[in-house]
Amino acid sequence: MDDGTIPFDNRQDAGRKLARKLSEKDFEDPLIMALPRGGVPVAHEVAKALGAEMDLLFVKKIGAPDWPEYGIGAVVDGTNPQIVLTEEIVRQLRPSPEYIDAEVQRQLKEIARRRVAYLGDRQPIEMKDRTVIIVDDGIATGGTVKAALKGVRKNQPRRIILAVPVAPLSTLEELKDQCDEIVCLSTPTPFGAVGSFYRDFDQTSDSEVISLMASTHN
């Protein structure tokens with residue numbers, strides 16, 4: 001897939017191709033966790049092919065004081081939501097514990113709001129002792145995925161598999177210690193943006209997420 005052609009027609013096509021690769025492996029009762037919104041159409045194809053349960057994995061950035069775009073960590077959704085702080089940045093900026101707690105509570109409320117919007121009253125699926133397959137439509141720098149992997153690990157799954165259609169090798173190298181296995185279909189060089197490897201990379205709408213999640217196993 002690294003011959004210069006565009007490997008994926010759209011997210012559904014990428015999901016079907018990823019599902020074929022994952023189907024070659026023997027995962028016992030896997031749980032598919034999709035990073036919304038773009039990861040949902042990909043993960044939906046994977047869950048359908050594997051006959052697996054699927055849930056959403058929300059990751060919300062904790063911004064620095066007076067500089068909300070600069071992340072000092074993230075809140076990761078789940079039955080046991082986790083706070084993942086970037087210790088080096090926290091040491092450097094020294095935000096107060098009260099500030100961090102307030103930001104965590106604010107992001108937890110936003111996660112709860114989005115979960116209700118997408119899933120109604122469906123509760124998060126327990127990850128403990130499960131083989132958790134985290135799916136996105138691609139990875140560039142890997143910041144969100146790294147937080148997701150650390151947050152999921154704290155929920156004590158049996159195994160964590162990171163499954164994406166496309167990502168740069170350098171980023172996968174940085175992530176490999178955070179999970180048990182990585183399945184990635186294409187690692188083009190040079191990389192650029194994830195969307196350049198899709199013919200159709202229109203933004204996934206809220207209504208599409210709601211529709212796909214309504215049709216998944218639960």
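See the values below:
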quantity: Residue among D121, D137, D101 that alone is of a type in the set (D, E, K, R) and buried (at least 20 other Cβ atoms within 10 Å of the Cβ); calculated: D137
quantity: Residue list for segment 16-58, filter: touching a strand residue (DSSP E or B) at 6+ places or on another chain (Cβ under 8 Å) and part of a helix (DSSP H, G or I); calculated: K17, L18, K21, L22, G39, V40, V42, A43, H44, V46, A47, L50
quantity: Residue in segment 5-15 that is more than 18 Å from D136 (Cβ to Cβ), surrounded by fewer than 22 Cβ atoms within 10 Å (Cβ to Cβ) and out of contact with any Lys or Arg (no Cβ under 7 Å at 6 or more places or on another chain) present; calculated: yes
quantity: Looking only at segment 14-45, and only at residues there that are of a type in the set (D, E, K, R) and closer than 24 Å to L119 by Cα, the one that is farthest from the chain's Cα centre (by Cα); calculated: D29
quantity: The one condition in (1) free of Cβ contacts under 8 Å to residues at least 24 places away in the same chain; (2) surrounded by 20 or more Cβ atoms within 10 Å (Cβ to Cβ); (3) of a type in the set (A, V, I, L, M, F, W, C) that V116 fails to fulfil; calculated: (2)
quantity: Any pair with Cβ under 9 angstrom, 6 or more apart, that starts in segment 131-149 at a residue that is under 20 Å from P190 (Cβ atoms) and ends at one that is of a type in the set (K, R) and buried (at least 22 other Cβ atoms within 10 Å of the Cβ); calculated: D137/R11
quantity: Which listed residue, of V75, V104, is out of contact with any Cys (no Cβ under 6 Å at 6 or more places or on another chain), under 30 Å from S211 (Cβ atoms) and not in a loop (DSSP other than H, G, I, E, B); calculated: V75
quantity: Exclusive hit being within 20 Å of the chain's Cα centre (by Cα), in contact (Cβ under 8 Å) with a residue 24 or more places away in the chain and loosely packed, with under 14 Cβ neighbours inside 10 Å, set G51, G63, G71; calculated: G51
quantity: Spans of strands (runs of 3 or more DSSP E) in segment 111-218 with at least 1 residues over 21 Å from G51 (Cβ atoms); calculated: 159-166, 181-186
quantity: Filter pass, P36 being surrounded by 20 or more Cβ atoms within 10 Å (Cβ to Cβ), touching a residue at least 12 places away in the same chain (Cβ under 8 Å), in the same structural domain as R199 (by TED's automatic domain parsing) and more than 22 Å from R158 (Cα to Cα); calculated: yes
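Residues checked against (1) in the same structural domain as I134 (by TED's automatic domain parsing); (2) modelled with pLDDT of 95 or more; (3) within 18 Å of G15 (Cα to Cα):
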| position | (1), (2), (3) |
| --- | --- |
| K150 | yes, no, no |
| V164 | yes, yes, yes |
| A167 | yes, yes, yes |
| L175 | yes, yes, no |
| R199 | yes, yes, yes |
| T204 | yes, yes, yes |
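The values are calculated or read from the model by the stated rules, or taken from the named source; none is laboratory data. As the structure is a computational prediction, the values presented were derived from the model and not from experiment. Here the Cβ is made from the backbone with ideal geometry for all residues, glycine too, and neighbour counts use every protein chain on show.
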